[in-house]
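> Input: one structure, supplied below.
The values are calculated or read from the model by the stated rules, or taken from the named source; none is laboratory data. As the structure is a prediction and not an experimental result, all values here were calculated from the model. Note that each Cβ is placed from the backbone with ideal geometry, even for glycine, and that neighbours are counted across all protein chains shown. These accessible areas exclude ligands, DNA and RNA; they are computed on the full protein's heavy atoms, side chains included. Shrake-Rupley method; radii C 1.70, N 1.55, O 1.52, S 1.80 Å.
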Amino acid sequence: MTPSSIWTFGLLSAFLVTLGSTAISSRVLELSDRFIDVRHEGQWLVMFYAPWCGYCKKTEPIFALVAQALHATNVRVGRLDCTKYPAAAKEFKVRGYPTIMFIKGNMEFTYNGDRGRDELVDYALRMSGPPVQLVTRTESVDMLKGSHTIFFIFVGQQEGVVWDTYYAAAEGYQEHGFFYATSEDIAAQHFDFEKLPAVIVYKEEQHHFYPHGHLAHEMDPNEVNETVFQWVNVERFTLFPKVTRFNIHQLLKTNKYLVLAVVQEDKLNQIATHELEFRDMVEGVIRKHRARYHEKFQFGWIGEPSIAHSIILDQLPTPHLIAINSSTQHHYLPDDDPIQMTPQALHLFLESISNDSAIAYGGDTYFVRVNRALFEVRRALRDMWLGNPVLTTVIFGLPLGFLSLIMYSIFCGDCLVTEDDQDEDHEKKE
């Protein structure tokens, strides 16, 4: 082999290695308008994006990890540039970037959760299967306990009003949780139950029962339907979840008081020691007294104080505590300094909310809505300025400059003409 051929062979080998490593590192398929025709071929998790979108750029590396995790499944992961292929964007009714959809056949589901790797992978796995998945081996239950923070499972014969309602609830909440069904023999090795059918939620290494399962035959079918849906809606959250802009609206659908410990996370998701101690104190109290507060309250914590600012329409120092009435949108703040708040003071605050003696702020009136809109505009402008002052100046400076020229020409043009006319008249008189 000649030196030139050796060099050519080495270059080709290097190219193939580079190409292969690129394919392995990013398994996200680049889609075009042709996707409209092939959407029925399998199941898809697709990100619709625009190259100039900052949120899209932040999501891209996460989406690559999602594609890698789903590579061995039947879910294809792709992305579509809506600026290049507007026909596809119009077909799927994309109104913002990034928009993430799960697509199977004629059905489209828009993802509204947190854009983390685990959340997106779980979402794709939930949506790719049937609403209720059957568990046929006892070791599978152990696997579910190890892989899922929370899941629902039906025990008993898959017939009757409870089963029908459970399956309907699984269809309705498939985007938000895992639903399974198994036999009495398998379930008996993992859960303690006395009567069937039983509907169980497993979360945080504990299990809880739908309270009316064995009494369903004595209840009106409409009442069974209402109570099962309500129970699933309430129990689909852990006891003390992290609350973000993506999931807070789902938490408010529980129709409970939403009580949030507000702390400040830095860019590395680290929390100052005194704020961490406050959050842990709140979590310890509600875990110890779950039975006391679970019926009326849903708890959680916020690492991004701007969410709380949008609720109270003002700045809120951290750490802090805020409670929201999910029905009326009123909010409550404790009288005590949160840094010095004790478990006893927390109990008193929760009791005052429960018995309607706490002072309620805000609400959902027209005046509050207008104030909230103005507050969000001011916050958005401030964030734009802090993030990129040059771009913000260009965006708002150019229109203002043009407007100034137009106003000048309208109001000052006549003045100039009048001065010229006066000069001409003066010359004629001379």
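> For the condition in contact with a Ser or Thr (Cβ under 9 Å, 6 or more places away or on another chain), hydrophobic (A, V, I, L, M, F, W, C), surrounded by fewer than 18 Cβ atoms within 10 Å (Cβ to Cβ) and not assigned by the TED database to the domain that holds Y123, what is the one hit in F229, F191?
Selected residue: F229, the only one of F229, F191 that is in contact with a Ser or Thr (Cβ under 9 Å, 6 or more places away or on another chain), hydrophobic (A, V, I, L, M, F, W, C), surrounded by fewer than 18 Cβ atoms within 10 Å (Cβ to Cβ) and not assigned by the TED database to the domain that holds Y123.
> Restricting attention to the range 57-68, which residues are over 16 Å from the mean Cα position of the chain (by Cα) and open to solvent by less than 40 Å² (accessible area, probe 1.4 Å)?
A64, V66, A67 - these are the residues of the range 57-68 that are over 16 Å from the mean Cα position of the chain (by Cα) and open to solvent by less than 40 Å² (accessible area, probe 1.4 Å).
> Okay, moving on. Where residues in the range 304-344 are modelled with pLDDT under 95 and of a type in the set (G, A, S), which of them is most open to solvent (accessible area, probe 1.4 Å)?
Only one residue fits best here, namely S327.
> Let me ask something else. So which residues in the range 271-321 are more than 15 Å from L333 (Cα to Cα), out of contact with any strand residue (DSSP E or B) (no Cβ under 6 Å at 6 or more places or on another chain) and small (G, A, S)?
The answer is A272, G284, A291, S306.
> Inside the range 137-223, counting only helices (runs of 4 or more DSSP H) that do not spill past its ends, which hold 3 or more residues that are more than 25 Å from the chain's Cα centre (by Cα) and over 20 Å from D122 (Cβ atoms)?
160-172, 184-187
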